[in-house]
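I'd like to ask some things about the structure below.
Nothing in this text is a laboratory measurement; each read-out follows from the coordinates by a stated rule. All of these numbers come straight from a predicted model, not from anything done at the bench.
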């Protein structure tokens, strides 16, 4: 499958307004972003569209919340990204400790969840270094 998106935003329900602002800022950096709220239409099979979005993206960004370490959904998405050999970029609250980060994401440098524009700048830099964007 052709890689149509630079970034797949792993679905999160905890801070949707912040995530929408992040998506907007990433697009302002010229990145093509797959975000379920924009890509999955009413009546479509959500999990199938997520799979397609993940497959058609080069990188996966996880916007982590307070319950990420114990979330089975975050665990599932992390495993899916790893099995697809996708570069993963976690974004977590500033006060998150190691125990708040899912085990499979602890080995990556975590971007602090500050202003969406600041996080987008760091994500854009990471993506450009990985893919030559």
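So what is the relative contact order of the stretch 9-133, in percent, for Cα pairs below 8 Å that sit 6 or more residues apart? If you can, show how the numbers build up before the last one.
Numbers: 143 pairs, mean separation 36.3, N = 125.
RCO, the stretch 9-133: 29 percent.
Multiply the residue separation of residue 115 and residue 37 by 0.36 nm, subtract the distance between their alpha-carbon atoms, and state the gained length in nm to one decimal.
On the way: separation 78, 0.36 × 78 = 28.08 nm, distance 2.02 nm.
Residue separation times 0.36 nm, minus the Cα-Cα distance, leaves 26.1 nm.
Of 48, 122, 39, which is the most mobile in a GNM of the chain whose springs link Cα atoms less than 10 angstrom apart?
In the Gaussian network model the winner is 48.
Here's another thing I want to ask about it. Which one, 83, 56, 72, has the greatest fluctuation when you compute a Gaussian network model over the chain with C-alpha springs under 10 angstrom?
Largest GNM mean-square fluctuation: 83.
Oh, and also: Need one number: convex hull volume per residue for the stretch 5-131, Cα atoms only, in Å³. Each step should come with its number before you reach the end.
Numbers: hull volume 12.5 nm³, N = 127.
Dividing the Cα hull volume of the stretch 5-131 by its residues yields 98 Å³.
Separate question: Would you calculate a helix-derived [θ] at 222 nm for the chain, using -39,500 (n - 2.57) for each DSSP H run of n ≥ 4 and dividing by the full residue count, to the nearest 500?
On the way: 5 runs with 55 residues, N = 133.
That calculation yields -12500 deg cm²/dmol at 222 nm.
Now a separate question. Tell me, how many Å apart are the Cα centres for the stretch 20-57 and for the stretch 68-133?
Computed from Cα coordinates, the inter-centre distance equals 16 Å.
Mean-square fluctuation check for the chain, GNM, Cα pairs under 10 Å: which of 92, 17, 69 is largest?
The residue that fluctuates most here is 17.
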